[in-house]
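The values are calculated or read from the model by the stated rules, or taken from the named source; none is laboratory data. Remember, it's a predicted structure, so these values are computed and weren't measured experimentally. Here Cβ is always computed from backbone atoms with ideal geometry, including for glycine, and neighbour counts include all displayed protein chains. Only protein heavy atoms, including side chains, enter the accessible area calculation; ligands, DNA and RNA are left aside. Shrake-Rupley method; radii C 1.70, N 1.55, O 1.52, S 1.80 Å.
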Amino acid sequence: MSVRMPVIALRAPSAADRDRVGAMVEATGVFRPDEVAVALEVFDDAVAAPGADYHALGAFDDDKLVGLTLYGPTPCTVSTWDLYWIVVDPAVQRLGVGRRLMAASEEAMGREGGRLVVVETSSRDDYAATRSFYEALGYHRAAHIPGYYAPGDDLIVYSKPLAPPTAGTAHDG
Ligand SMILES: CC(C)(COP(=O)(O)OP(=O)(O)OC[C@H]1O[C@@H](n2cnc3c(N)ncnc32)[C@H](O)[C@@H]1OP(=O)(O)O)[C@@H](O)C(=O)NCCC(=O)NCCS
């Protein structure tokens with residue numbers, strides 16, 4: 001049996017993609033219901049006022065949203081940006097969609113003057129793949145706060161300096 005490879009296009013999502021965001025976030029199985037609600041709130045803000053506080057970038061396979069990043073400048077910092085959320089539909093994970101989304105999001109942050117990207121995740125076993133993902137993309141563990149999310153569920157902060165944008169860099173989202 002042959003598996004169809006997704007043909008991915010990156011672009012800003014719209015309010016019409018909201019149900020897909022909820023479905024994808026829930027399908028990963030790692031987020032609590034309150035976290036799903038927060039992801040949707042941030043998504044709503046990002047599509048209602050793109051770039052005001054949050055930016056969204058979607059990965060589409062044939063017009064179906066299969067991946068999403070939500071990011072924005074970190075308040076009270078000089079050019080630090082937070083990657084608030086990344087999710088890839090489990091049906092197309094491990095095919096490079098997340099890597100492409102992160103590369104395009106980092107490029108967009110760099111174009112906006114971003115200097116450093118910070119991302120927070122959990123120490124739980126079910127986030128092992130997520131930690132491997134960030135480490136594969138050049139993120140370094142910058143901080144670790146035991147018991148931050150819950151007893152036994154630590155906060156792990158990753159960071160990555162952004163290369164200054166080069167003249168004529170292609171826009172991809
Ligand atoms: C983390 C996530 C976004 C990765 O997306 P993805 O499209 O599957 O990742 P990619 O295929 O681009 O993987 C890039 C690299 O990351 C690493 N990686 C990704 N998934 C991995 C896994 N399950 N196990 C080990 N390494 C993994 C690999 O080095 C991989 O490169 P390779 O496939 O050439 O070996 C996706 O697994 C996901 O949505 N997870 C649930 C949501 C989540 O945890 N979000 C972050 C919250 S903090």
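At 222 nm, what value in deg cm²/dmol follows for the chain if DSSP H runs of at least 4 each add -39500 (n - 2.57) and the sum is divided by all its residues, to the nearest 500?
The helix-only estimate for the chain comes to -9500 deg cm²/dmol at 222 nm.
If I take every Cα pair under 8 Å that is 6 or more residues apart in the chain, average their sequence separation and divide by the length, what percent do I get for the relative contact order?
Numbers: 287 pairs, mean separation 32.9, N = 173.
RCO, the chain: 19 percent.
Can you give the relative contact order of the stretch 74-119 as a percent, counting alpha carbon pairs under 8 Å and 6+ residues apart?
61 percent
In whole Hz and in residue order, list the ³J(HN,Hα) couplings for the stretch 31-37 that follow from phi through the Karplus curve 6.51 cos²θ - 1.76 cosθ + 1.60, θ = phi - 60°; x for Gly and Pro.
9, 6, x, 5, 6, 4, 4
Could you give the accessible area per residue of the stretch 92-152, probe 1.4 Å, as a whole number in Å²?
Ligands and nucleic acids excluded, the figure is 56 Å² per residue.
Amide H of residue 51 versus every other amide H placed in the peptide plane: which residues, excluding those fewer than 5 positions away on the same chain, fall under 5 Å?
56
Across the stretch 118-127, in residue order, what do the Karplus-derived ³J(HN,Hα) couplings come to in whole Hz, using 6.51 cos²θ - 1.76 cosθ + 1.60 with θ = phi - 60° and x for Gly and Pro?
Each residue of the stretch 118-127 in turn: 10, 9, 10, 8, 10, 7, 4, 4, 6, 9 Hz.
Round to a whole number: what % of the accessible area of the chain belongs to carbon and sulfur, probe 1.4 Å? Please report the intermediate quantities before stating the final value.
Numbers: 5110 of 9300 Å².
Answer for the chain: carbon and sulfur cover 55 percent of the accessible area.
Would you mind finding the longest exposed-site-free stretch of the chain, with exposed trypsin sites (Lys or Arg not before Pro) meaning DSSP loop and at most 16 other Cβ atoms within 10 Å?
Between the exposed loop sites, the longest stretch runs 5-93.
Would you mind working out the accessible area per residue for the stretch 6-85, using a 1.4 Å probe, and quoting it in Å²?
Details: 3780 Å² over 80 residues.
Ligands and nucleic acids excluded, the result is 47 Å² per residue.
From the backbone phi of the stretch 15-23, what are the Karplus-calculated ³J(HN,Hα) couplings (6.51 cos²θ - 1.76 cosθ + 1.60, θ = phi - 60°) in whole Hz, Gly and Pro given as x?
Result, rounded to whole Hz: 4, 5, 8, 4, 4, 5, 4, x, 5.
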